[in-house]
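Trainee: Input: one structure, supplied below.
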Amino acid sequence: MTTGQMDLFGGVKLAEPEPTTTVKLGRKAVQIPLRKKRREAVKRLMEILEELEGKDIYIGSYDAGGRHFWLDNLKLQRLQLEWHPMRLNFDDLLGQIATEVKTPIMKTLFENKAPDFFGAHEISRWYLKETELAVTDAAETAREDAAAENLNSFIKEYLTKHAGDEGVHYSDLFEHFIYAVKDKPRRHLTEFLPDYFYKTDQGTWRNPDSEEEDLAKQEARKKGLGRRVKRYIAQLEQGMFIPEQERPSDATLAEWIRHCKRAGLYEQGKYLYEKGGLTLDNLTDEVMASVEEDYQVCARMLARASG
């Protein structure tokens, strides 16, 4: 058996000093292409792994330097690679999940800056596509489901002991969540609570009362309504550009407002009705009456809370 060291940077001259990209000497300065050096190092790693594939690898010892972890006498039998070297075009990958929007830079108040070879006449921004919001983390969804099930049982038990109450106050839910839910979701309780429970007129929280209400919450979670509403409102408040193909239709806005009313997100529902771009004339008489009623409920609940 032969032994040796793996040198990823063999034959690769790294820029110094790291991580500075500009090196100055007197009045002269030079830009070091660090990204190019990293690509060379990655290419070298690919070559080494290809040479080692199918062989038994022995790691006598490895020290990270900071003593955070170390390996001793590790054997990797018949190294297998589940990837293959390929050249990735970053712009192509980015274009799959985001939309590029170019905004011209103004030379004067009424005149755009003239185009130049370096593209300094415009600003390019990338916005995440609406379809990417549908991609959810299965493990994270499972954590939220488990936390909601725990809270569901707590609400049932609490209302059994307090028969006169319609729901449970948020402070009681939060205290139970802190101590009883061990594997906590990434999202804050205030964010995923409306996805599973209903807010009462008193501002407390209750479980779905019927199969219809339960199915409505399941459907809303499946569509990601909570995340979509939050993202759209943030875009409007920040004055961000929203691609035409990702602007919600009037029917979709009506659905979102109904979701906000049911979930107790009264401020968001009122905001969508007043500033979300809703055109009532494009709705059927039935949907128009329904969305106006939902808006009135949101406005009334906000007025009651502030009064």
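The values are calculated or read from the model by the stated rules, or taken from the named source; none is laboratory data. The model shown is predicted, which means the values in this text are computed figures rather than measured ones. Quick reminder, even Gly has a Cβ in these numbers, built from the backbone with ideal geometry, and neighbours come from all protein chains shown.
Trainee: Would you check if ILE257 is farther than 30 Å from ASP165 by Cβ and either modelled with pLDDT of 85 or more or under 23 Å from the mean Cα position of the chain (by Cα) (or both)? Working first, answer last.
Mentor: Details: farther than 30 Å from ASP165 by Cβ: no; either modelled with pLDDT of 85 or more or under 23 Å from the mean Cα position of the chain (by Cα) (or both): yes.
For ILE257, the condition - farther than 30 Å from ASP165 by Cβ and either modelled with pLDDT of 85 or more or under 23 Å from the mean Cα position of the chain (by Cα) (or both) - is not met.
Trainee: While we're here: Here are GLU212, GLU267, GLU175, GLU219: which of them is in contact with a Cys (Cβ under 9 Å, 6 or more places away or on another chain) and without any contact (Cβ under 8 Å) to a residue 40 or more places away in the chain?
Mentor: On the way: GLU212 fails: in contact with a Cys (Cβ under 9 Å, 6 or more places away or on another chain); GLU175 fails: in contact with a Cys (Cβ under 9 Å, 6 or more places away or on another chain); GLU219 fails: in contact with a Cys (Cβ under 9 Å, 6 or more places away or on another chain).
None of the other options fit; the residue is GLU267.
Trainee: Residue check, MET240 against (1) in a loop (DSSP other than H, G, I, E, B); (2) among the aliphatic types (A, V, I, L, M); (3) modelled with pLDDT of 90 or more, all met but one. Which one?
Mentor: (3)
Trainee: Hey, among ALA299, ALA234, ALA263, which residue is among the hydrophobic types (A, V, I, L, M, F, W, C), in contact with a helix residue (DSSP H, G or I) (Cβ under 8 Å, 6 or more places away or on another chain) and closer than 30 Å to THR141 by Cβ?
Mentor: Numbers: ALA299 fails: closer than 30 Å to THR141 by Cβ; ALA234 fails: in contact with a helix residue (DSSP H, G or I) (Cβ under 8 Å, 6 or more places away or on another chain).
That would be ALA263, the only listed residue that is among the hydrophobic types (A, V, I, L, M, F, W, C), in contact with a helix residue (DSSP H, G or I) (Cβ under 8 Å, 6 or more places away or on another chain) and closer than 30 Å to THR141 by Cβ.
Trainee: Could you list all residues from the stretch 160-181 that are surrounded by 12 or more Cβ atoms within 10 Å (Cβ to Cβ), small (Gly, Ala, Ser) and more than 16 Å from ALA147 (Cα to Cα)?
Mentor: Selection gives GLY167 alone.
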